[in-house]
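The values are calculated or read from the model by the stated rules, or taken from the named source; none is laboratory data. Please read these numbers as outputs of a predicted model, since none were measured by experiment. Cβ sites come from the backbone with ideal geometry, for glycine too, and all protein chains shown count toward neighbours.
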Amino acid sequence: MTSTTPKHPADAIPDEMVLAAIDRAARHRARDHADVPVWAITEHLGIGRRSAAARHVRSRLVVLVEAGRLERSRRHGIPAWALRRSGRRHLARASRSGSVPALPESPQQRLWRDAQTLAEQEIERFRQDLRTSIDESVQMLDARSVASSDAWFELSEQLRRAMWRVGSATYCLHEWVEPHDEQADIDDRRDPDDHKLIAAECARRKSWRAGRRNLRLWQDNDTR
């Protein structure tokens, strides 16, 4: 169960909420280790990295390690924390008793929601850009003077980009399934009907889908 930004003073984020944030952050990282850096913990708590609340959380991490509920390690020189068995037991008991405050919306849920919103806002503009590019290609085909090869090459890039943005927005709006907190939402670039395809065709389509969730690639000045 999630909520919006937690309504706790900087010094009143419960330890159980910190443990829950570490647990969810580890699941959503989809890696083979359970330890997470402090920036991931604050992100799942919905607090700023340099805020007073973040400073409070860092101090509680020390206490929770000393209490045996967390284990501290280092990944590529960066401190990270993971739940120990006693921490998991404590979190489970607190969850059963209903004493764990709801975490704010997860980063992956927020990314999905933002993609839905932006796709809804932009898809008609992307479609109009594509129509404009198609009209330009027809005009070049019908022109009395022969267009230069560079003009055709430039137009091919324009068409490819316009079509890719329509495809990406279509995926985000209609095909990206809403994520759940139980697991990481990683785009494996698969489609439910891929099993109907031969291996070569499946690989070709997966290559098309690269970056389809990357909203930065929708920017007008992008040269994808």
Legend entry - Pair list, Cβ < 9 Å and 6+ apart or interchain, from the range 164-192 residues that are within 23 Å of Arg29 (Cα to Cα) to residues that are in a loop (DSSP other than H, G, I, E, B) and hydroxyl-bearing (Ser, Thr, Tyr): Pro179/Ser106; Asp181/Ser106; Asp185/Ser106
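Mind checking which residues of the range 67-79 are under 27 Å from Ile186 (Cβ atoms) and surrounded by fewer than 20 Cβ atoms within 10 Å (Cβ to Cβ)?
Quick first cut of the range 67-79, residues under 27 Å from Ile186 (Cβ atoms) only: 70-79.
Scanning the range 67-79 gives Glu71, Arg72, Ser73, Arg74, Arg75, His76, Gly77, Ile78, Pro79.
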Inset, instruction - Could you check Arg113 against (1) surrounded by 19 or more Cβ atoms within 10 Å (Cβ to Cβ); (2) under 30 Å from Ala169 (Cα atoms) and say which number it fails? - result: (1)
Inset, instruction - Give the residue, chosen from Trp218, Trp152, that is surrounded by 16 or more Cβ atoms within 10 Å (Cβ to Cβ) and either assigned by TED's automatic domain parsing to the domain that holds His44 or not hydroxyl-bearing (Ser, Thr, Tyr) (or both). - result: Trp218
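Residues checked against (1) touching a helix residue (DSSP H, G or I) at 6+ places or on another chain (Cβ under 6 Å); (2) closer than 12 Å to Leu215 by Cα; (3) without any contact (Cβ under 8 Å) to a residue 12 or more places away in the chain:
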{"position": "Trp112", "(1), (2), (3)": "no, yes, no"}
{"position": "Gln121", "(1), (2), (3)": "no, no, yes"}
{"position": "Glu124", "(1), (2), (3)": "no, no, yes"}
{"position": "Asp129", "(1), (2), (3)": "yes, no, no"}
{"position": "Gln139", "(1), (2), (3)": "no, no, yes"}
{"position": "Gln158", "(1), (2), (3)": "yes, no, no"}
Inset, instruction - Have a look at Glu182, Glu178 and point out the one that is out of contact with any Gly (no Cβ under 6 Å at 6 or more places or on another chain) and at pLDDT 95 or above. - result: Glu178
Inset, instruction - Scan the range 171-210 for residues that are more than 15 Å from Arg113 (Cβ to Cβ), part of a loop (DSSP other than H, G, I, E, B) and hydrophobic (A, V, I, L, M, F, W, C) and report the count. - result: 5
Inset, instruction - Quickly run through the range 42-66 and pick out the residues that are surrounded by fewer than 17 Cβ atoms within 10 Å (Cβ to Cβ) and either touching a residue at least 40 places away in the same chain (Cβ under 8 Å) or not in a loop (DSSP other than H, G, I, E, B) (or both). - result: Ser51, Ala52, Arg55, Arg58, Ser59, Val62, Val63, Val65, Glu66
Inset, instruction - Under 9 Å between Cβ atoms, at least 6 apart or on separate chains: pull out the pairs that start in the range 18-41 with a residue that is in contact (Cβ under 8 Å) with a residue 60 or more places away in the chain and part of a loop (DSSP other than H, G, I, E, B) and end on any residue that is of a type in the set (Gly, Ala, Ser) and surrounded by fewer than 22 Cβ atoms within 10 Å (Cβ to Cβ). - result: Ala30/Ala184
Inset, instruction - Identify, by number, the condition in (1) among the aromatic types (Phe, Trp, Tyr); (2) at pLDDT below 95; (3) within 30 Å of Ala21 (Cβ to Cβ) that Trp208 doesn't meet. - result: (3)
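Of all residues in the range 22-51, which are under 17 Å from Ser73 (Cβ atoms) and either acidic (Asp, Glu) or modelled with pLDDT of 90 or more (or both)?
Initial filter on the range 22-51 (under 17 Å from Ser73 (Cβ atoms)): 22-23, 25-26, 29, 31-41.
Residues satisfying the conditions are Ile22, Asp23, Ala25, Ala26, Asp32, Asp35, Val36, Pro37, Val38, Trp39, Ala40, Ile41.
Please go through the range 167-215 and give me each residue that is among the hydroxyl-bearing types (Ser, Thr, Tyr) and either in contact with a Cys (Cβ under 8 Å, 6 or more places away or on another chain) or surrounded by fewer than 11 Cβ atoms within 10 Å (Cβ to Cβ) (or both), ordered by number. Give the steps one after another, and end with the answer.
Step one: list which residues in the range 167-215 are among the hydroxyl-bearing types (Ser, Thr, Tyr), which gives 168, 170-171, 207.
Ser207 - this is the single residue of the range 167-215 that is among the hydroxyl-bearing types (Ser, Thr, Tyr) and either in contact with a Cys (Cβ under 8 Å, 6 or more places away or on another chain) or surrounded by fewer than 11 Cβ atoms within 10 Å (Cβ to Cβ) (or both).
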